[in-house]
Amino acid sequence: MTDTISALSRHPALTRGHERLIRTDARTVAWQTAICETPAPTGREQARGAKVSGLLREIGLTSVSTDDVGNVIAWWGPADRAPVVIAAHLDTVFGPGVDVSVRKDGDRLIGPGITDNARGLAGMLALADVVASGQWATAKPIAFVATVGEEGAGDLRGVRHLFGERKLAADSVIVLDGAGDDRVVHGGLGCRRYRFMFRGPGGHSWSAFGAPNPAHAASTLTQAVAELPGRETPRTTCSVVGIGGGTSLNSIPDEAWVEIDLRSEGTAPLEEIERVLHAAARLGMDRENARKTLGSRALDLTVAVIGDRPSGVTPADHPLVQAGLDATRAVGRRPALATASTDANIPISLGIPAIALGAGGKAGDTHSATEWFENADGPAGIFRALLVLAAAAGLNK
């Protein structure tokens, strides 16, 4: 453990902060439950944003605002220099019709989004509470940010706005996402998502037989994805995640679409497989057009990028990453470096030091209706983040 984290773990403000986290643990879990039960589908985070904004004000932060895209931002300390950003995303993968109520089953809380990311948001609030109640004096200001559009088709919209249009010049970024207290995510997992759309004339399955069939072309593409070889170094995955088209059982479809999710720990494989996908799509279209009947209109193809999350890494020897590793040891856990797709991808890609941490406890069934959270030594995970925050912001008293 470095001298910085070792000294901070004995600092009076951190000792008081740790005690407060333990003493207010039930309130933190209550916040988590209330947040989970406030629906926040990607693109419809307003109600949850308002709830988090209100809780930040109750905690004692007075400089709280909501920006043009819906990010909630609360400042601690004068905003006259680059802040340390604590971020947690507001949105969930669940649509507006999903029942997000939370039920208790033994030691577990079960509910869609109870971990991802109600736990991260509750952890951020707990950190803000410690800072405000302790009247922390830090060398750098702290910005507590609840972001929109982290999940799926949101494509990191909130954090892109924060560091793009708003041009926030952050000193460093600590993302709280989900549960756990051992992983330190310092790598941003690159992710590209595509929609390949094949369109043709369509027609009756009997009388128009011979017209080029978009579904046949789409099948060539899906088969090409299925036959891609595995790649472990750098680890790369490619999956068909959606396929559709057609209007009836007796019609040749006039369109068929395939959605593909491509992820890699490196940039080169993304570029390489993207070329393979485009070639496979063109091959499917060309084959179908080559066998169409004379006079039939040919298929055409359009490709839309519906998600593009940049890859990158905060070096393992960077002080922020080292603080994450040392803080993990300080709470009695064995640290593990990891790569994932989180809000940290954007600052990492811009050269801003960033990591992502879990906010304590255990979890499972993420992104499912049976998602669960177990508050197993939950305060330890939040205290780990508090140690990293203190190291990054420079705690004076």
Exercise. At 0.36 nm per residue, minus the direct Cα-Cα distance, what do D182 and A34 gain on full extension? Give it in nm, one decimal, please.
Key: 50.7 nm
Self-check item: If the convex hull is drawn through the Cα atoms of the chain, its volume per residue in Å³
Solution: 144 Å³
Quiz item: Which of rounded, prolate, oblate describes segment 300-381, given a ≥ b ≥ c as roots of the alpha-carbon gyration tensor eigenvalues and a/c under 1.5 marking rounded, otherwise prolate only if a/b is larger than b/c?
Solution: oblate
Quiz item: If you line up the long axis of helix 25-36 against the longest principal axis of the chain, both from Cα atoms, how many degrees apart are they, to the nearest 10?
Solution: 30 degrees
Exercise. Could you please state, rounded to a whole Å, how far the C-alpha centre of segment 328-397 is from the C-alpha centre of segment 149-184?
Key: 13 Å
Quiz item: What FRET efficiency would be calculated for the residue pair R275, R334, taking the C-beta separation as r and a Förster radius of 45 Å, to the nearest 0.05?
Solution: 0.65
Quiz item: Could you give the angle, 0 to 90 degrees to the nearest 10, between helix 118-133's Cα long axis and the longest principal axis of the Cα atoms of the chain?
Solution: 30 degrees
Practice problem: Averaging sequence separations of C-alpha pairs under 8 Å and six or more residues apart, then dividing by the length of the chain, give the relative contact order as a whole percent. | Solution: 24 percent
Practice problem: Calculate the dipole size of the chain relative to its Cα centre from +1 charges on Lys and Arg beta carbons and -1 charges on Asp and Glu beta carbons; express the result in debye to the nearest 20. | Solution: 320 debye
Quiz item: Quick one: which of 353-362, 333-342, 31-40 comes out on top by average Cβ neighbours within 10 Å, and what's the full order, highest first?
Solution: 353-362, 31-40, 333-342
Practice problem: Determine, for the chain, the count of lysine pairs separated by eight or more sequence positions (or lying on different chains) whose alpha-carbon distance falls under 27 Å. | Solution: 7
Self-check item: segment 190-309: relative contact order as a whole-number percent, Cα under 8 Å and 6+ apart
Solution: 45 percent
Quiz item: Contour minus end-to-end for A290 and L249, with contour as 0.36 nm per residue of separation and end-to-end as the Cα-Cα distance?
Solution: 12.3 nm
Quiz item: Gaussian network model of the chain, Cα springs within a sub-10 Å range: biggest mean-square fluctuation belongs to which of A380, A79, A122?
Solution: A79
Practice problem: Please determine, in degrees from 0 to 90 and to the nearest 10, the orientation of helix 267-290 with respect to the longest principal axis defined by the Cα atoms of the chain, where the helix direction is its Cα long axis. | Solution: 20 degrees
Quiz prompt | Label-point gap, in nm, between H204 and S368 - each point 7 angstrom along Cα→Cβ | solution = 4.7 nm
Quiz item: Under a plain spin-label model, where a point goes 7 Å from the Cα along Cα-to-Cβ, how far apart in nm are S63 and R166?
Solution: 1.3 nm
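Each value in this text was obtained by applying a stated rule to the coordinates, not by laboratory testing. Keep in mind that what you see is a predicted model, and the values were worked out from it rather than measured. A quick note on method: Cβ atoms are made from the backbone with ideal geometry, for glycine too, and the neighbour counts reach across all protein chains shown.
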